Structures are given as structure tokens and as C-alpha cells.
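The values are calculated or read from the model by the stated rules, or taken from the named source; none is laboratory data. Not measured: the values here are computed from a predicted model. Backbone-built Cβ (ideal geometry, glycine too); neighbour counts: all protein chains shown.
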Amino acid sequence: MKTLVAVVGAGNFGLKHAAALRAAGAEPVLVPARRDRVVELRAQGWEAEPSLALARARGARRCVIATDTGRHAADAALALRLGMDALIEKPIAADTAQARLIAAAARAARRKAYTAYVLRFDASLLAFRRLLPRLGAVHGIDSQCRAYLPDWPGRDWRRSYRARAAEGGALRDLSHEVDCALWLFGAPKSVFSVMTRGRLGIASDESADLLWRAPNGATVSVGVDYLTRPARRALSVRGERGTLEWNGIASTVTLRPARGRARTWIFPCDPMARLTAQDRAFLRGGRGLATLAEGARVVTLIDSARRSSKTERAEKVRA
């Protein structure tokens, strides 16, 4: 008998998780935000229930939270109270206070919660991580994810959570880049940022550029925006023995040593494969997943960056 996994949210992310869970050998039970979609989803061949409690009653002991960011805290807390482990789409919450609510619910229920930073399962980025020691002491890190929001597929971007100041914006939406920097190089004590909006006419931030010092003293810059054409996703690390570059769109890794020729590795670009790998890890106990604490760390840094943009000075990253 297949393992049942509840998926809260049946939009773009929810349906992708449902497909990935099936590929991983589980059976998803979709719980849409609108109950009137249950019949439609069942007609499409999905298991679906109008409430998370009903999915739990059918035997689901794990839950993926794939609703809008502003709902993550309430949806995750409910899943945890029902006795389910939870995998929460990034960012885990709209702010630090909501992230703390999830942590409190997990402690009270004695259940586990994880953050869905799927790039941790990207073959090219994992290869990049393995090659980092070849650089020796690192002194500079540059990470970027830039794309033009109106070009993105899916529902009208002007009416999506991305456009809302309280839960959207480029920095929250593209927080993979923040997570990768923290995962690979550690968390800073403070951050300086410049955030802007106004070109697209939405209430949330359209661009964010962050600067901080890593625990080893290296300078880290992270830039994300909804404004750039063509799209760009890249990570470059400079060290005493050369430079290492990751192209997240082409799925390549290039090592440029101080002496000798550069070498480039090319990997399959397969977003569904990495999502399936992530969801399979959730089914098998969570190895390799971003923890709840790591997801909360990203949200806390984002909150500090938002304060910095307002005060125009570096702000402490509060624990």
C-alpha cells in the first residue's frame, strides 16, 4: 500500500509536489484552498479532500504545505497539531514571528518540519559544493537570481501573493539564493541591503541587493529582482586558488584555477528530478532537507534586510 501524503494547496506548486510524490512512490492527497475544486481534482485523477483533517483521517502522516506564503504558518501549525510531519514551501513564513509560531507548534506536537529549498537537490549545485575546497581560502561570494516577473507562467502576477507587500516580493520569493549562501558559507551577524519597487506597480519589493560578511570573513553579495531580461541565476566564488562559477539556468559548473585551464561540467537541467529527489528525502526521514531552523534563519535575515533598506544602515540579524 502506498504512503499517503497530504498536499495543502492545489495551485502550481501543489500540483508539482503531487506529481513529484507520485514519482517518488507515494500517493498525494490534495487539499485545495477552495473546497469547490475537490470534484475537479478527483476528475483529473487525483486523490483530494476538502480538509486536512479528512486527509489525516485517511492515514496521511506527512504533509506538504504549498499555499501562499501568508498562509504557511497557519497551515503548517494545523498539520503539526494533527500529528503530521511537514515540508513547507519556501519561505517557511512571511516573517520571523510567523516562523516562531511554526517552531512552537512543532515542539508542542513533537513532530518534524522542514523547508523546501529544492536547490539543495540540484545536481549541478551539489557538484559546485563538492568542488569548493579546491579554491582554498574564500574571500568573495556573489549570488544572483534575476528575472522579469511579467514573463513568468501561471496566474496573473499582479494578483498573486508575489505582488503583496505582506507576503510577496523578490527577496522572499527568490530566497533560494539567501539559503544557498547560508548553507554553503554560514550565517552573518549583520546585513546591509537596498530594496526598491515602483517599476511594475506592485506593492512588494521588486529588487533587493544584500551585502554581509560570512563567518570566515568573506564578503557575500546577494542580488535578486523581478525586473531583468534575460533571466539570470548564477553563483560565483573567489578563492586563493581560483574561481568557481555556477550557472543555474544552463546547469553548468566552471572551475577557473589560478594556474592551468578552466574546466566546465554540464549537468541535465531537470527541475522535476530535483523536486522528486527532495520529496523522496521527505518520505525517507528528511536527510538533506533544509531544517525548520534553517528556513527560519533565512526569514530572519530577510526581516533584517528589510529593516536595513529602511534605515539605510547595516542591521543585526536577530536570532
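If a residue has to be in a strand (DSSP E or B) and within 25 Å of P230 (Cα to Cα) to count, how many in the range 243-262 make the cut?
Pass one, the range 243-262, residues in a strand (DSSP E or B): 243-247, 252-257.
Narrowing further to those that are within 25 Å of P230 (Cα to Cα): 243-247, 252-256.
Number of matching residues: 10.
G140 fails exactly one of the following numbered conditions: (1) in contact with a Lys or Arg (Cβ under 6 Å, 6 or more places away or on another chain); (2) of a type outside the set (V, I, T); (3) under 17 Å from I302 (Cβ atoms). What is the number of that condition?
(3)
Could you tell me which of the residues G136, G169 is farther than 26 Å from G11 by Cβ and touching an Asp or Glu at 6+ places or on another chain (Cβ under 7 Å)? Break it down stepwise before answering.
On the way: G169 fails: farther than 26 Å from G11 by Cβ.
Answer to the selection: G136.
All but one of (1) touching a residue at least 40 places away in the same chain (Cβ under 8 Å); (2) surrounded by 20 or more Cβ atoms within 10 Å (Cβ to Cβ) hold for D95, so report the exception by its number.
(2)
Between a first residue in the range 114-131 that is farther than 17 Å from S236 by Cα and a second residue that is of a type in the set (F, W, Y) and surrounded by 22 or more Cβ atoms within 10 Å (Cβ to Cβ), which pairs have beta carbons less than 7 Å apart while being 6 or more apart in sequence or on different chains?
Final answer for the pair search is Y114/F282.
Of all residues in the range 201-221, which are surrounded by fewer than 18 Cβ atoms within 10 Å (Cβ to Cβ) and not in a strand (DSSP E or B)?
Result: G201, A203, P215, N216, G217.
Conditions (1) part of a helix (DSSP H, G or I); (2) modelled with pLDDT under 95; (3) surrounded by fewer than 19 Cβ atoms within 10 Å (Cβ to Cβ); (4) on the phi < 0 side of the Ramachandran plot, marked per residue:
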position	(1), (2), (3), (4)
V29	no, no, no, yes
A33	no, yes, yes, yes
P50	no, no, yes, yes
A73	yes, no, no, yes
A76	yes, no, no, yes
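Condition check ((1) among the hydroxyl-bearing types (S, T, Y); (2) touching a residue at least 12 places away in the same chain (Cβ under 8 Å); (3) closer than 20 Å to S175 by Cα) across all residues:
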| site | (1), (2), (3) |
| --- | --- |
| L255 | no, yes, no |
| R259 | no, no, no |
| R263 | no, no, no |
| P268 | no, yes, no |
| R280 | no, yes, no |
| G286 | no, yes, no |
| A290 | no, yes, yes |
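Mind listing whichever residues of the range 281-313 are out of contact with any helix residue (DSSP H, G or I) (no Cβ under 8 Å at 6 or more places or on another chain) and not in a loop (DSSP other than H, G, I, E, B)? It would help to see each step written out before you state the result.
Of the range 281-313, the ones out of contact with any helix residue (DSSP H, G or I) (no Cβ under 8 Å at 6 or more places or on another chain) are 282, 284-286, 291, 304, 307-313.
Matches in the range 281-313: F282, T291, S304, R307, S308, S309, K310, T311.
Restricting attention to the range 222-241, which residues are of a type in the set (G, A, S) and surrounded by fewer than 19 Cβ atoms within 10 Å (Cβ to Cβ)?
Of the range 222-241, the ones of a type in the set (G, A, S) are 223, 231, 234, 236, 239.
If the condition is that a residue be of a type in the set (G, A, S) and surrounded by fewer than 19 Cβ atoms within 10 Å (Cβ to Cβ), then A231, A234, S236 are the ones that fit.
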